[in-house]
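Student: Handing you this structure, nothing more for now.
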Amino acid sequence: MRTRSRAVAPLAAVLLLTACGDPDPLTATDEEVVAARDRATESMTAGLQALAGEFGAGTPLGTRVDTRCSAGTDNWKIHDRYRSTCSTSITTAFATDRDPQELLSDVAALDAFEDRLSDVGWGGAEWFVAGETGMPLDAYVLGLSGRPLPQLSGVRVYDGEGTSIGLSFHRADEPVPAPDPPLHPTEPYPAEGGGTQGTDWQDAWTGQTSWLLTGGGDAEIAQQPW
């Protein structure tokens, strides 16, 4: 059973100190938030490309970045830890002709996969099983029965700070969902705002390969104290 490894560039949220008084909550366009978003996006994108490369995929079809900032509550009943926080998520997909399930045919293959991902800063792999909605399993649990592995439908890995990225495996003839609407700068977060950058992978999907690997990651990028 593998342990979560420390990433080369950990994505710990930036604690943004503020001057005295009551500063405005953070927004997705603040200079510090944009810089933290770019660092997180770069790290998660590199991790996802390494992840997809294990299944014979090349460059992503498109990568979309959504950044959200939300204000905390401070009253007689509720006192949130921070005045405001910001997080970012990326959504991407890759096309490949290689069957991920055939590449992960036994526990030895899962262990070798985890070793290679750990070398680039992502570990603690959790595996999703097709047709099951329960918790993901690690390689050790999957191998306990000694029987052939069930069909795997996806994988999630972590960096040393708890940020996760993952991919789901889909046959090319499965329906492709439409992209979500981009985040408006002020709605549905009127007090703080959000923002969307990048390209939806659906725009480039043509269905000409055997498998589609969809996924992404999430990271908390900024915390503003009271």
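Student: Of the GluC sites (Glu not before Pro) in segment 120-183, which ones lie in a loop per DSSP and count no more than 14 other C-beta atoms within 10 Å? All intermediate terms of the calculation are to be shown ahead of the outcome.
Tutor: Values: sites: Glu126, Glu132, Glu161; in loops: Glu132, Glu161.
Here the sparse-neighbourhood loop sites are Glu132.
Student: Okay, moving on. Are there chymotrypsin sites (Phe, Trp or Tyr not before Pro) in segment 25-125 that DSSP puts in a loop and that have at most 16 other Cβ atoms within 10 Å, and which ones?
Tutor: For chymotrypsin sites (Phe, Trp or Tyr not before Pro) across segment 25-125 that sit outside H, G, I, E and B with at most 16 neighbouring Cβ atoms in 10 Å, the list reads Trp76.
Student: Can you work out the PRE-style zone for Glu42? Point 7 Å along Cα to Cβ, and I want the residues of segment 210-226 with backbone N under 13 Å.
Tutor: none
Student: Could I ask something else about it? Given a cut-off of under 8 Å on Cα pairs at least six residues apart, what relative contact order in percent is computed for segment 14-224? List each step's numbers first, then the result.
Tutor: Numbers: 429 pairs, mean separation 70.1, N = 211.
Reported as a whole number, the value is 33 percent.
Student: Which of Ala139, Trp122, Tyr82 sits farthest toward the positive end of the charge dipole of segment 14-224, with +1 on the Cβ of Lys and Arg and -1 on the Cβ of Asp and Glu?
Tutor: Ala139
Student: Work from the charge dipole of segment 83-176 (Cβ charges, +1 for Lys and Arg, -1 for Asp and Glu, about the Cα centre) and give the residue of Leu152, Ala108, Pro175 farthest towards its positive end.
Tutor: Value: Pro175.
Student: Then there is this: Project the alpha carbons of segment 30-85 onto their principal axes and report the range along each, largest first, in whole Å.
Tutor: In descending order, the Cα extents are 55, 24, 15 Å.
Student: Please report the projected area of segment 14-224's Cα convex hull averaged over all directions, in nm². Kindly include the intermediate steps, with their values, before the conclusion.
Tutor: On the way: hull surface 55.5 nm².
The directionally averaged projection comes out at 13.9 nm².
Student: Using DSSP to define loop residues, name the trypsin sites (Lys or Arg not before Pro) in segment 65-117 whose beta-carbon has at most 11 other beta-carbon atoms within 10 Å.
Tutor: Passing both the DSSP loop test and the Cβ count: Lys77, Arg81.
Student: How long are the semi-axes of the equivalent ellipsoid of segment 19-115, taking √(5λ) for every eigenvalue λ of the Cα gyration tensor, in whole Å from largest down?
Tutor: Details: eigenvalues 315, 54, 23 Å².
Computed over segment 19-115, the values are 40, 16, 11 Å.
No value in this document is a laboratory result; all are computed from the given coordinates. Here the structure is a predicted model, which is why all the values come from computation and not from measurement. Backbone-built Cβ (ideal geometry, glycine too); neighbour counts: all protein chains shown.
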